[in-house]
Structure formats: structure tokens, C-alpha cells
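The values are calculated or read from the model by the stated rules, or taken from the named source; none is laboratory data. Model, not experiment: these values are computed from the prediction. Here the Cβ positions follow ideal geometry from the backbone for every residue, glycine too, while neighbour counts run over all protein chains shown. Just the protein is used for accessible areas: all its heavy atoms, side chains included, with ligands, DNA and RNA removed. Shrake-Rupley method; radii C 1.70, N 1.55, O 1.52, S 1.80 Å.
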Amino acid sequence: MRTSGFANRQQNTSMPNGKYRPFLETNAVDLPDRMWPNNRITKAPRWLSTDLRDGNQALVEPMNPKQKRAMFDLLVRLGIKEIEVGFPAASAADFDFCRSLVADNAIPEDVTISVLTQARPEIIEKTVKAVDGMPRATVHLYNATAPVFRRVVFHNDKEATKQLAVAGAQEVLAGLEKRLSEATVAGFEYSPEIFVDTELDYALEVCESVMDVWQPGPDREIVINLPTTVERATPNVYADQIEYMSRNLTRREHVALSAHTHNDRGTGLASTELALLAGVDRVEGCLFGQGERTGNVDLVTLALNLFSQGIDPQLDISDIDHIVEVYEQCTSMVVPERTPYSGSLVYTAFSGSHQDAIKKGFVDRDERVAAAGGDENAVPWDVPYLPLDPKDLGRNYEAVVRVNSQSGKGGVAYLMSSTRHLDLPRRMQLELAGLVQRYTDRFGGEVTSDRLWQIFVDEYLPYKEAEGLSPWGKYRLISSTLVSGEEGSHSELSSILREYGEGEEQTDHVLSSEGNGPIDAFVGAFEQVGLNVKVLDYAEHALSAGHDATAAAYIECDVNGQVLWGCGIDPSTVRAGFKAIVSAINRALR
């Protein structure tokens, strides 16, 4: 046998990587005494949904008023208490939507509406007018502070950029004091846009200058929002930036430190979670990660990450399919099948080994919950390959295991149990899995629960139990009369067995036999029609309870040297066993 001490090495390419620079060479972040790696997330943050602003502006076709209202109502039902609804001074549609919420009295008293504005006096007045009359409203001011924006976009130096933020804060404050009625509780939020690319000491300086205008204190909170407007570094760098700001902001007890992450590098969720470790109080994002370019942080996934760790997300996501449905109707976007927690395939296993582990996990959990008196919460969730219980999100277990060419006995057995309540013995599971494998090798694709049942019936049960099957089987049990001796030690049996021949030909055999119990007596009857049958294994269970209970029997037989399983279903457990033997014999003679 030949071995190697290393794998084949990757080769350099001609891609122009030299035109890009490591992030920390463009914006150094030095926090050697960082504390966030030692912290734990123990509670949910404050949530702000920007689906109606950041999410909406990224749609090919923005939402119409009816869709906006449906999205707003969904966000309220989820329990989101801060909702950014648009940029009313820049969009007549956003302004009209704000006023419609006021006119319809659609905003609960405990929900804060947020609106975005730039640091320009001419648009701040209209922004304040848009939120007048709302129970609670926050005006969100922003201006870009990163070097490339100062140099390329605005041609401003640091001082001019800071003064733009200060002037904007002064205009917002003056507008709120002058134009906002006493019925509205006012709030203020500031974002140094492109924060992640802004020099840390300068970002702190700008935020402090804005805070000096607002004068945060008791009952006068300010939201300082620190966005990765374009995600450019690994999540740990953002966490260092957040911790630096959290440590150094004055009046920190009156500051709601907020994260607004995008997903340009595919790590928006990780950046947000590390930001929570680093001191963030509040998270802005969208349902299912909607937003500009690659999207904002996915609030649903983030909340369910917390939920899976035993933390109440303080959002009601107990009907995930309804949330997906409303989102897709409002945005005309699609939640991909592999989206964490929400996608249609995320609780589905096709792999045979995964299916077997899931099946065993459910059995183990059922036993432990029963031992705990039926208290689900008393038994920690610990089912292989399922990070949380699909039922907690309104899903059922039917789609957890699906069968294709990659599946094994575990998946087949799980579907038979979950959809037909048939708990097949292990060796019979292997036998059926082989039949299913031959089917998928021939026809390909997925084997649905209905198709699996059709395969099972066509192999083990009378053809009428499923649609679209042709008659098969040489024998059918017509009747049986059992006379048992003392304690059932000796049984005498009279049965009528119908034999099907060519075409319409059929013959009824009246058989009398005896043996050590009903099964032994019935097996002996087949000697009279020239068959040598031996029972190797036997299992049975009830399919239902009550006066109309049905039993399923599974019997492994040696029929003239051929070992096969049979299945029988009947209200009588004895007749179910007889039918299982007939099933195995018919399969052997097929």
C-alpha cells in the first residue's frame, strides 16, 4: 500500500489578487486586550426591521402600498418593536405610507417607527412632518465618514465631514422641537455610514460630536448605529471595532449601541453575533437577509440561533411557513430551500446514515419525554442532525426524512413509521431498502411517502391497498377457524386458501392442520399444497386503539429455501399473522 504525507498542493492562478489589500492594512484595528471572546450571549437584543426601507429599496420592483402594509402588519405580529419604514423626504411613496399608518391608527403604542434622513436641512423638515402623530418615532440621521467617501464622493476633509454630521443633528433636533406634537415620543439615531472603513478614533470623535448636540441622558436615549455598510473584513475585526466604541463612548449608559451588518463576504450573521459579544444592544436587519447587494443580516436566522441556545428571541417565529409566505408575496423574492431554519429542505435528510440517526434520535427522545411525564421542556433537545425541533416553528416531521438513491433503511423505516405507523423489524427494513434502491436506480428521483407506500403494497400487501397496482399473488386467505387446546399449547386450524392460476382460473383449498400454536398450525397447512415453510422471526404491533383496532404482523419465512419477509394487516392479530405468512409465500412464488 502506498501512502503520502501530504495532499496535492493548490496551484497559483493568474487572477489579479495583487490589486487588493488586506483590510487591516487599510484601516488598522488594534485591541490586544479585547474582552469579547470571553463573553456569552445571554439575552436577545433589541430588534429593528429595515425591511420597509433597506429591504424595499433593494427590490427590483419595490413594494406597493398594500404589500408594505402586509409586511408592516407581519413585523408587528412577530413582535418587532422598532420598524424602519423608509426615507420619506426622498420618496413620495414612503412619505404617503408614513401618513397612512398615522391615519389608520395602525401603529401599536409600544412600536417605534424609524425614518431615515441625510444630514441636509432641506429634507429634515419633511422627514419630521412624516412622523408627526405617531406614538413613538425615531429620526435616523447618517452621513458617510470613511476616507474613500471623504476623498472621492464628497471632497471633504475630516473636519468638514464631522461638521456635516453636527449640523444635521442640530437640524433634526430643531425640527423635532419645533414641528413634532407632544403626542409623539421622539427618538434620535446616528450612523457614521461606512463605519467599518472609518478610522476608529475619528468615528468616535464624530459620534461624540453628534451626542453633544442631542445631549443623551436619563429618558433621553441616543442610538449610535455602526454599520458594515459594505462588509470588508472578518467578523472578529468588526467585533474589535464594536468593543472599542463601546468602551470609549461617553455617556454609554444612555447609548443604545446598534449593529447594522451586510453580507458581502457571507459572514453578516457571524459579524452580528460577535458584535453582540462585544457590546451591541440593538440589531438592524431584514427578514431572510433581504437588502442591498448580498443583503442585510437575516433577522429570522439570528433570532433562531438564539432560540436554539435556549434564549428567548422575543420574536414569535412559531409559524415559519406563514412568515415565508407573506415575505414572498410582499417582496416577490424567494426564500431558498437551504436557508437556515426557514428553507423547505433544511429539516430534510436524504442520506441513509443521517436518516438512521434521526430515526433513532426520535425514538430516544420519545422514551425520555415519556419518562419525564410527558414534559417536553424537561428534556433538552438532542436529536442528531436537527439543531432544533421543527414543530417549534410550526413544521411537522413528515418532511424530515425523504427517500432517494442516497437513502438507506433508516429513511425508509422512518417514512413507513411516520406516515403509515408500520414499525418494520430491522431485517425487514434492510429488505425494503433494497427494493427501494432498485426502484431509484431504475427510475431516479425522490421516492415520496405515497410512492413508498405503493412500492410496499406491491411487494407485501394485497394490491387493492394502493392505487394503480395490478393484481398479484398466488394465494389468498379466504377464512380460518381456530380451535385452541388448553392454554393454547396445541392448536387445530381449518382454513380456506384460494389459489389463482392462469387467467380467470382459481381453486379453493380446504385445509385442516394442527400445531404448537396458531402460526405453527397455519404453516403446517401449506404442506398440503406442496410448500415447505418455516418461520424464522415474528413481530407484531397495534396500528390503532379502541374497538376497531388494527394489528400489523411481520413474519420472516423460509419458503422452499428462499428467505423473505411478509406483512399482514387485519383487525385480528392471529389473522394478521396468517396474512403475513401468505405474503411471504406469494413473494417467494412471484
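What pairs come out if I take residues in the range 289-307 that are assigned to a strand (DSSP E or B) and pair them with residues that are aliphatic (A, V, I, L, M) and surrounded by 24 or more Cβ atoms within 10 Å (Cβ to Cβ) whose C-beta lies under 8 Å away, six or more apart or interchain?
So the pair list comes out as D298/L287.
Which count do you get for residues in the range 320-334 that are within 22 Å of K391 (Cα to Cα), open to solvent by 60 Å² or more (accessible area, probe 1.4 Å) and touching a residue at least 60 places away in the same chain (Cβ under 8 Å)?
Summing the residues that are within 22 Å of K391 (Cα to Cα), open to solvent by 60 Å² or more (accessible area, probe 1.4 Å) and touching a residue at least 60 places away in the same chain (Cβ under 8 Å) in the range 320-334 gives 2.
Considering only the range 155-170, state which residues are open to solvent by 60 Å² or more (accessible area, probe 1.4 Å) and more than 16 Å from F195 (Cβ to Cβ).
The answer is H155, D157, E159, Q163, Q170.
Looking only at the range 14-68, which residues are over 30 Å from A90 (Cβ atoms), part of a helix (DSSP H, G or I) and among the acidic types (D, E)? Don't jump to the end; show me each part of the working.
Of all residues in the range 14-68, those over 30 Å from A90 (Cβ atoms) come to 14-26, 28-44.
Still in the list and also part of a helix (DSSP H, G or I): 17-19, 23-26, 36-38.
Hit for the range 14-68 is E25, nothing else.
Just name the residue that is modelled with the lowest pLDDT out of those in the range 369-408 that are more than 24 Å from N305 (Cβ to Cβ) and open to solvent by 80 Å² or more (accessible area, probe 1.4 Å).
E398
Mind listing whichever residues of the range 73-99 are farther than 19 Å from G187 by Cα, part of a helix (DSSP H, G or I) and either over 34 Å from the mean Cα position of the chain (by Cα) or among the basic types (K, R) (or both)?
R77, A92, D96
Only one of these is farther than 20 Å from R293 by Cα, open to solvent by 10 Å² or more (accessible area, probe 1.4 Å) and among the aliphatic types (A, V, I, L, M): L200, L257. Name it.
L200
Mind listing whichever residues of the range 381-395 are touching a helix residue (DSSP H, G or I) at 6+ places or on another chain (Cβ under 7 Å), on the phi < 0 side of the Ramachandran plot and touching a residue at least 60 places away in the same chain (Cβ under 8 Å)?
Matches in the range 381-395: L388, L393, R395.
Tell me yes or no: at least one residue of the range 521-530 is within 18 Å of L461 (Cα to Cα) and of a type in the set (A, V, I, L, M).
No, every residue in the range 521-530 fails to be within 18 Å of L461 (Cα to Cα) and of a type in the set (A, V, I, L, M).
Yes or no: K474 under 15 Å from K359 (Cα atoms), of a type in the set (K, R), surrounded by 15 or more Cβ atoms within 10 Å (Cβ to Cβ) and modelled with pLDDT under 90?
no
In this structure, does N27 turn out to be closer than 21 Å to R293 by Cβ and touching a Pro at 6+ places or on another chain (Cβ under 6 Å)?
Values: closer than 21 Å to R293 by Cβ: yes; touching a Pro at 6+ places or on another chain (Cβ under 6 Å): no.
So N27 does not fit the description; no.
Which one of A174, A165, A169 is under 28 Å from E109 (Cα atoms) and touching a residue at least 40 places away in the same chain (Cβ under 8 Å)?
After ruling out the rest, the residue left standing is A169.
Output the residues belonging to the range 210-225 that are of a type in the set (A, V, I, L, M, F, W, C) and touching a helix residue (DSSP H, G or I) at 6+ places or on another chain (Cβ under 8 Å).
V210, V213, W214, I222, I224
May I ask you to list the residues in the range 168-184 that are more than 24 Å from L226 (Cβ to Cβ) and touching a Pro at 6+ places or on another chain (Cβ under 8 Å)?
A183, T184
Yes/no per residue for (1) among the basic types (K, R); (2) open to solvent by 10 Å² or more (accessible area, probe 1.4 Å); (3) farther than 23 Å from E205 by Cβ:
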| site | (1), (2), (3) |
| --- | --- |
| N248 | no, yes, no |
| T272 | no, no, yes |
| L277 | no, yes, yes |
| G289 | no, yes, yes |
| R293 | yes, yes, yes |
| L302 | no, no, yes |
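May I ask you to list the residues in the range 174-196 that are of a type in the set (A, V, I, L, M), surrounded by fewer than 22 Cβ atoms within 10 Å (Cβ to Cβ) and part of a helix (DSSP H, G or I)?
Within the range 174-196, A174, L176 meet the criteria.
If the Cβ limit is 7 Å and pairs must be 6+ apart or interchain, which residue in the range 353-380 that is touching a residue at least 24 places away in the same chain (Cβ under 8 Å) and over 15 Å from S417 (Cα atoms) pairs with which residue that is in a loop (DSSP other than H, G, I, E, B) and open to solvent by 80 Å² or more (accessible area, probe 1.4 Å)?
Cβ pairs passing all conditions: H354/Y385.
Quick one: which residue in G524, G444 is without any contact (Cβ under 8 Å) to a residue 40 or more places away in the chain and on the phi > 0 side of the Ramachandran plot? Walk me through how you get there before you give the answer.
Numbers: G524 fails: on the phi > 0 side of the Ramachandran plot.
From the options G524, G444, the qualifying one is G444.
Looking only at the range 127-150, which residues are of a type in the set (K, R), over 20 Å from T228 (Cβ atoms) and either at pLDDT below 95 or open to solvent by less than 30 Å² (accessible area, probe 1.4 Å) (or both)? Let's see the steps before the verdict.
From the range 127-150, those of a type in the set (K, R) are 129, 136, 150; that's our starting set.
Now restrict to residues that are over 20 Å from T228 (Cβ atoms): 129, 136.
Result: K129, single match.
Based on what the data block shows, is V510 without any contact (Cβ under 8 Å) to a residue 60 or more places away in the chain, surrounded by fewer than 19 Cβ atoms within 10 Å (Cβ to Cβ) and touching a Cys at 6+ places or on another chain (Cβ under 9 Å)?
No, not satisfied.
If you take the residues of the range 409-423 that are open to solvent by 10 Å² or more (accessible area, probe 1.4 Å), touching a helix residue (DSSP H, G or I) at 6+ places or on another chain (Cβ under 6 Å) and of a type outside the set (K, R), which of them is nearest to V582 (Cα to Cα)?
D423
When you go through (1) of a type in the set (A, V, I, L, M, F, W, C); (2) open to solvent by less than 50 Å² (accessible area, probe 1.4 Å); (3) assigned to a helix (DSSP H, G or I) one by one for L430, which number turns out not to apply?
All conditions pass for L430, except number (2).
Identify the single condition in (1) within 28 Å of Q437 (Cβ to Cβ); (2) touching a strand residue (DSSP E or B) at 6+ places or on another chain (Cβ under 8 Å) that P340 does not satisfy, given that it satisfies every other one.
(1)
When the range 71-107 is examined, which residues are found to be under 19 Å from A183 (Cα atoms) and either of a type in the set (A, V, I, L, M) or touching a Phe, Trp or Tyr at 6+ places or on another chain (Cβ under 8 Å) (or both)?
Matches in the range 71-107: K81, E82, I83, L101, V102, A103, A106, I107.
Scanning for something of a type outside the set (V, I, T) and modelled with pLDDT under 95, does the range 28-38 turn up at least one residue?
There is at least one residue in the range 28-38 that is of a type outside the set (V, I, T) and modelled with pLDDT under 95.
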